Amino acid sequence: MTENDALVADPVRTAWALSDPLLTEYYDTEWGLVVRDERGMFERLTLEAFQAGLSWLTILKRREALRAAFVGFDVDKVALFTTEDVERLLADASILRNRAKIEATIKNAQATIALRQDGGLAEFIWSFKPEATPEPHTMAEIPSTSPESVALSKALKKRGFSFVGPTTMFALMEAVGIVDTHIMTSHRRGISGVWPR
């Protein structure tokens, strides 16, 4: 059996969760659980934005460094970051030094504060929950976007957010339990409590 055969053969985990222990732990303990608080949602939004064009493992390996760099994803503090903070972060080798993504995180913090008058970031994102969730039996059946993620992307961009494309927003919706794309045989299917097994 080849390594790829082993990835496909596991009946309880999505294949991507098997390639590294860090991914397996994330899959088994966090991915797909409900997130409804502002800080938690802002963190997931930021991580998904940083992931654009990269592997999720790359992000998980730098998650603690990103958490430190963005002061625990404290929205009010990140919103006050200056150009000096941007330059400081660009010199920080422990994070992903991408000016556009760093500046987008600051912009997104400011946009998150503005959203508070309309119920807040988490409530806004959850308002795009679909009427049904995918029921994949194989990886090939898992979509990368949905009509709701397209709509969420457009709505967030209108509110001043960046790095919130439809694919990134679908990944966010998966990560925070808005949709359940665990394969049907996964031991994590239905773990959010939002959708039945």
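Yes or no: L47 modelled with pLDDT under 95 and surrounded by 13 or more Cβ atoms within 10 Å (Cβ to Cβ)? No: the conditions fail for L47.
Quick check on T133: is it within 25 Å of T185 (Cα to Cα), of a type outside the set (G, A, S), surrounded by 18 or more Cβ atoms within 10 Å (Cβ to Cβ) and within 18 Å of the chain's Cα centre (by Cα)?
Considered against the rule, which asks whether it is within 25 Å of T185 (Cα to Cα), of a type outside the set (G, A, S), surrounded by 18 or more Cβ atoms within 10 Å (Cβ to Cβ) and within 18 Å of the chain's Cα centre (by Cα), T133 comes out as yes.
Could you check region 143-173 and list, in sequence order, the residues that are assigned to a loop (DSSP other than H, G, I, E, B), surrounded by fewer than 17 Cβ atoms within 10 Å (Cβ to Cβ) and not small (G, A, S)? Within region 143-173, P143, T145, R159 qualify.
Given the structure, is V12 surrounded by 13 or more Cβ atoms within 10 Å (Cβ to Cβ) and part of a loop (DSSP other than H, G, I, E, B)?
Yes: the conditions hold for V12.
Please determine whether any residue of region 74-93 is surrounded by fewer than 20 Cβ atoms within 10 Å (Cβ to Cβ), in contact (Cβ under 8 Å) with a residue 24 or more places away in the chain, of a type in the set (S, T, N, Q) and not in a loop (DSSP other than H, G, I, E, B). Taking every residue of region 74-93 in turn, none turns out to be surrounded by fewer than 20 Cβ atoms within 10 Å (Cβ to Cβ), in contact (Cβ under 8 Å) with a residue 24 or more places away in the chain, of a type in the set (S, T, N, Q) and not in a loop (DSSP other than H, G, I, E, B). Contact annotation: residue pairs with Cβ atoms under 8 Å, 6 or more positions apart or on different chains, pairing a residue in region 151-166 that is over 12 Å from L45 (Cβ atoms) and free of Cβ contacts under 8 Å to residues at least 40 places away in the same chain with a partner that is part of a helix (DSSP H, G or I) and of a type in the set (G, A, S), are P166/S149; P166/S153.
Give the residues of region 174-188 that are surrounded by 21 or more Cβ atoms within 10 Å (Cβ to Cβ) and of a type in the set (V, I, T), sorted by residue number. Once the filter is applied, which keeps residues that are surrounded by 21 or more Cβ atoms within 10 Å (Cβ to Cβ) and of a type in the set (V, I, T), region 174-188 yields V176, I178, V179, T181, I183. With respect to (1) loosely packed, with under 14 Cβ neighbours inside 10 Å; (2) within 18 Å of A68 (Cβ to Cβ); (3) among the aliphatic types (A, V, I, L, M), the lone exception for I106 is condition (1).
The values are calculated or read from the model by the stated rules, or taken from the named source; none is laboratory data. It should be emphasised that the depicted structure is a prediction, and the values quoted were computed from it without experimental measurement. Glycine also receives a Cβ, built like all others from the backbone with ideal geometry; neighbour counts cover every protein chain displayed.
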